[in-house]
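Step one of this worksheet: look at the structure below.
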Amino acid sequence: MLAVENLKSSYGRIEALHGISIKIASGEIVTLVGANGAGKTTLLRVISGIQPISAGRILFEDHSIDDIPAHLRIALGIVQVPEGRQLFAPLSVEDNLKLGGWTRRGGDRHDDIHRVYELFPMLGELRYTTAGALSGGQQQLLAIGRALMARPRLLLLDEPSMGLAPILVDQILNIVLELKHQGLTLLLVEQNASAALAIADRGYVLETGTIVVSGTAAEIQGNQRVREAYLGVRDGSSAEHPK
C-alpha cells in the first residue's frame, strides 16, 4: 500500500531523515520504534504531507504522492492521529467529529458519526461535552474517532498512549487491533515499544533519522540490541509481551 524510498527531510539546514525506506502492505500494523528525537514523528508528518521532503519519494498504491498536499492525501485515504491529540478543546465531541469528516457530505457524515459512536459508545454519551473537559483517555478516543470520520485506508497513529494509565494503554492498543480487523492498515508510533510490537506484524527501529533494524515484530523483539535499548531486557533476563 505504501512505499517510502530513500527519503530525506530537513528542518532548515538540519537533516532529520537520512534516506529512510519502509514498506507497508495492505492490512498490516507496522510500528516505528525509537527514542525521542529519532525521527518517528517527522516520518509520519512527511507521509501525511505536513513536512516536505528534500529527496526520495513516497508511493501510495504505486502512485507518487510527493507533490500532493496534505488535504488531498486525506481524500486518498491517508489520515493521521497527531501526537498530543490536538483536539478543538472549546468545541463539543460531536463538533470535533464533524470537523474530522469535513470531506463527507450530508447523510454520509451523519452515518459516519454513528459508526464512531458504535465503536466508542462513551463518545456517544459525551457527544455534547466540550473536548477540553474530557479525560486523557476519552480525548484519545475522540482523536481516533475524528480521524475515522475521514474514512482512512492508511491510519497514522502518533503516540496514542502518551500520558495514559497502563490500563488505558491496553484499551487503546486493543482498539488498534480492532481497527485492523475491520480492514484498516496502520502505521503506529508508540512509546511503549514492547506493547506496540506485541500487536504489530512488522516494525522498523529508527535512530537519529536512520533505520537500523527492520523485520517482523517477533524478529525485532528477539534482537538483542533492541531488547536492551528499547525493551529494557538484558542478557539472561526475559520479558513478557502482552497479546
TODO: Say whether the condition of being out of contact with any Cys (no Cβ under 9 Å at 6 or more places or on another chain), charged (D, E, K, R) and more than 16 Å from Arg85 (Cβ to Cβ) is met by at least one residue in region 159-177.
DONE: yes
- [ ] Kindly establish whether Ala196 is closer than 17 Å to Ala217 by Cβ, among the aliphatic types (A, V, I, L, M), assigned to a helix (DSSP H, G or I) and under 14 Å from the mean Cα position of the chain (by Cα).
- [x] yes
Task: Test: residue in region 130-141 that is over 25 Å from Gly34 (Cβ atoms), at pLDDT 95 or above, surrounded by fewer than 21 Cβ atoms within 10 Å (Cβ to Cβ) and hydroxyl-bearing (Ser, Thr, Tyr) - done: yes
Open item on the list: With the requirement that a residue be surrounded by fewer than 21 Cβ atoms within 10 Å (Cβ to Cβ), touching an Asp or Glu at 6+ places or on another chain (Cβ under 9 Å) and modelled with pLDDT of 95 or more, what does region 200-221 give you?
Closed with: Asp201, Arg202, Thr216, Ala217
- [ ] Residue by residue through region 51-100, note down the ones that are exposed (fewer than 13 other Cβ atoms within 10 Å of the Cβ) and charged (D, E, K, R).
- [x] Asp62, Asp67
Task: Tabulated pairs, region 18-31, first among the β-branched types (Val, Ile, Thr), second part of a loop (DSSP other than H, G, I, E, B), C-beta under 7 angstrom, 6+ apart or interchain - done: Ile24/Met1; Ile29/Ala200; Ile29/Asp201; Val30/Ala200; Val30/Asp201; Thr31/Glu190; Thr31/Ala200
Task: Checklist (1) of a type outside the set (Gly, Ala, Ser); (2) in contact with a helix residue (DSSP H, G or I) (Cβ under 8 Å, 6 or more places away or on another chain); (3) in a loop (DSSP other than H, G, I, E, B) applied to Leu186, failing item - done: (3)
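Applying the selection to region 134-168, what residues are β-branched (Val, Ile, Thr) and closer than 23 Å to Leu43 by Cα?
Ile144
Quick one: would you say Leu184 is within 23 Å of Gly34 (Cα to Cα), of a type in the set (A, V, I, L, M) and at pLDDT 95 or above?
no
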TODO: State which residue is farthest from the chain's Cα centre (by Cα) when the search covers only region 1-50 and only residues that are surrounded by 15 or more Cβ atoms within 10 Å (Cβ to Cβ) and of a type in the set (Ser, Thr, Tyr).
DONE: Ser10
Open item on the list: Can you find a residue that is buried (at least 22 other Cβ atoms within 10 Å of the Cβ) and either among the aliphatic types (A, V, I, L, M) or at negative phi (or both) anywhere in region 176-183?
Closed with: yes
Open item on the list: Quick check on my filter: what residues within region 143-168 are over 14 Å from the mean Cα position of the chain (by Cα) and not small (Gly, Ala, Ser)?
Closed with: Met149, Arg151, Leu164, Pro166, Ile167, Leu168
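Only residues that are among the hydrophobic types (A, V, I, L, M, F, W, C) and more than 26 Å from Ala75 (Cα to Cα): list them for region 18-60, please.
First, the residues of region 18-60 that are among the hydrophobic types (A, V, I, L, M, F, W, C): 20, 22, 24-25, 29-30, 32-33, 35, 38, 43-44, 46-47, 50, 53, 55, 58-60.
Of everything in region 18-60, those that are among the hydrophobic types (A, V, I, L, M, F, W, C) and more than 26 Å from Ala75 (Cα to Cα) turn out to be Val33, Ala35, Ala38.
The values are calculated or read from the model by the stated rules, or taken from the named source; none is laboratory data. Values in this document were obtained by computation on a predicted structure and should not be read as measured data. As a convention, Cβ positions derive from the backbone with ideal geometry for all residues, glycine included, and neighbour counts pool all protein chains shown.
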